[in-house]
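Shown next, in structure tokens, is the structure this report addresses.
The values are calculated or read from the model by the stated rules, or taken from the named source; none is laboratory data. These numbers were taken from a predicted model, which means no experiment stands behind them. Cβ placement follows ideal geometry from the backbone for every residue including glycine, while neighbour counts extend to all protein chains displayed.
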Amino acid sequence: MRTIVTLPGDGIGKIVLPQAIKLLDAAGFEANYINGDIGWDFWCKEGNALPQRTIDLIAEHKIALFGAITSKPNDEAKKELSPSLQDKGFVYFSPIVGLRQLFNLDICIRPCISFKGNPLNFIRKNSSGGFEEPLINTIIFRQNTEGLYAGVEWTNPPKQVRDALEKHPKMKFFKDVPSDEMAVSTRIVTKPASKRIIKAAFEYAKKFGYKNVTICEKPNVLRETSGMMLMIAKQISNEYPGISLWDTNIDAQMMWLTKNPEDYGVIVAENMFGDIISDGFAGLVGGLGFACSANIGETIAVFEPTHGSAPKYEKLNPSIVNPIAMFMSAVMMLEHIGENEIAVKIKSAISKVIEEGKVQSYDMMKIRGGADVFSKGAANTQQITDAVIEKLRCET
């Protein structure tokens with residue numbers, strides 16, 4: 001029997017992850033679940049939001065389901081350390097970013113796909129004055145370990161860093177700025193990582209019948225990093241004559257999101273740009289309550305919803321949280337490990353519940369989150385899980 005490491009994390013992660021496991025059980029997926037310690041509580045108690053024991057668990061079992069994480073700026077994080085750990089040199093790092101880098105989970109896949117009947121789906125006016133609801137079926141491939149999120153940065157850069165930067169002619173503009181009044185973040189892009197994710201994007205497009213792959217970067221300004229990614233994409237695209245290569249600038253792409261989103265199949269971008277464009281597309285298919293993702297390396301994969309920990313909702317009882325992003329992340333896990341039949345069953349059940357429209361979370365009803373949402377007709381988290389499970393049972 002397969003073992004899955006469960007990482008509830010913080011806030012609503014502790015709510016939605018158990019609901020996903022309940023759904024997996026109901027669908028007939030058999031697994032052992034081992035809890036891994038991760039998140040803010042362990043930072044405060046141990047000075048480490050990603051303990052070595054959790055790293056060892058993931059290294060052993062290869063597959064993890066992750067809930068959500070709370071991250072705060074380093075100065076705020078230090079203030080919340082246990083008194084015994086204060087002023088001991090502990091530095092906070094996001095544990096999910098740490099997992100991506102430790103295990104080289106360099107390929108992040110974020111599907112942004114419309115569910116029929118979702119009241120949050122994007123609509124637009126048509127030429128006759130009416131409205132149309134385009135079907136959006138876009139898969140974002142986000143390079144997960146490099147770019148602006150690589151963490152190579154300094155506040156008050158040391159002399160050797162400043163001296164190296166001064167060799168670039170563009171640094172003349174900053175020559176009179178003292179180092180203690182400067183912060184520097186680097187954007188590092190490598191050929192091997194770029195080739196791997198672009199190749200993966202084309203393979204995905206080929207496997208699932210997408211007609212285009214778009215490189216969403218900014219090569220007219222970021223000539224070296226974005227330019228290299230575009231160059232590699234052009235080379236790789238020659239191996240896939242049936243798939244068109246498009247390229248867009250990230251700023252223009254955000255403008256075009258509401259013009260023709262249904263035209264885009266697979267999109268590839270560096271870490272920061274991939275984060276931006278995937279959130280933009282997620283907004284067209286229901287928002288972060290529907291946004292799932294996979295972090296995939298050579299041997300290890302971690303699956304997570306892309307929403308945050310939303311701590312203000314953690315203590316509400318019953319919970320108001322929409323668990324569908326977590327459910328769909330579990331579906332991605334099933335697909336990754338070859339449990340396609342169960343994955344199809346769960347997706348079908350989720351689709352039917354959404355299309356039927358009888359059970360809706362507060363976000364689907366477009367009302368402000370709070371304890372009063374139930375009096376307005378919103379379903380709680382457990383009711384949404386139960387509705388999906390009931391659809392599963394009707395199909396068997």
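The residues on offer are ARG196, ARG187, and the sole one that is charged (D, E, K, R) and touching a helix residue (DSSP H, G or I) at 6+ places or on another chain (Cβ under 6 Å) is ARG187. Suppose the filter is within 26 Å of CYS108 (Cβ to Cβ), modelled with pLDDT of 95 or more and exposed (fewer than 14 other Cβ atoms within 10 Å of the Cβ); does THR381 pass it? Against the criterion (within 26 Å of CYS108 (Cβ to Cβ), modelled with pLDDT of 95 or more and exposed (fewer than 14 other Cβ atoms within 10 Å of the Cβ)), THR381 does not qualify. Exactly one residue out of ILE342, ILE320, ILE346 is closer than 22 Å to ALA378 by Cβ and over 15 Å from the mean Cα position of the chain (by Cα), and it is ILE320.
If only residues of the range 13-40 that are touching a strand residue (DSSP E or B) at 6+ places or on another chain (Cβ under 6 Å) and part of a loop (DSSP other than H, G, I, E, B) are counted, the one that is surrounded by the most Cβ atoms within 10 Å (Cβ to Cβ) is ILE38. Of the residues that make up the range 264-279, is at least one surrounded by fewer than 24 Cβ atoms within 10 Å (Cβ to Cβ), in a loop (DSSP other than H, G, I, E, B) and in contact (Cβ under 8 Å) with a residue 60 or more places away in the chain? Yes. Of all residues in the range 114-150, those satisfying the criterion of being part of a strand (DSSP E or B) and either surrounded by fewer than 15 Cβ atoms within 10 Å (Cβ to Cβ) or in contact with a Ser or Thr (Cβ under 8 Å, 6 or more places away or on another chain) (or both) are ASN121, ARG124, LYS125, PHE131, GLU132, ASN137, ILE140, ARG142, GLN143, GLY147. The set of residues from the range 41-56 being crowded, with 23+ Cβ neighbours inside 10 Å and either in contact with a helix residue (DSSP H, G or I) (Cβ under 6 Å, 6 or more places away or on another chain) or in contact (Cβ under 8 Å) with a residue 60 or more places away in the chain (or both) comprises ALA49, LEU50. Just the residues that are in a helix (DSSP H, G or I) and surrounded by fewer than 20 Cβ atoms within 10 Å (Cβ to Cβ), please, taken from the range 282-300. The answer is GLY283, LEU288. Scanning the range 84-113 for residues that are in a loop (DSSP other than H, G, I, E, B) and either over 24 Å from GLY13 (Cα atoms) or modelled with pLDDT under 95 (or both) yields GLN86, ASP87, LYS88, GLY89, PHE90, VAL91, TYR92, PHE93, SER94.
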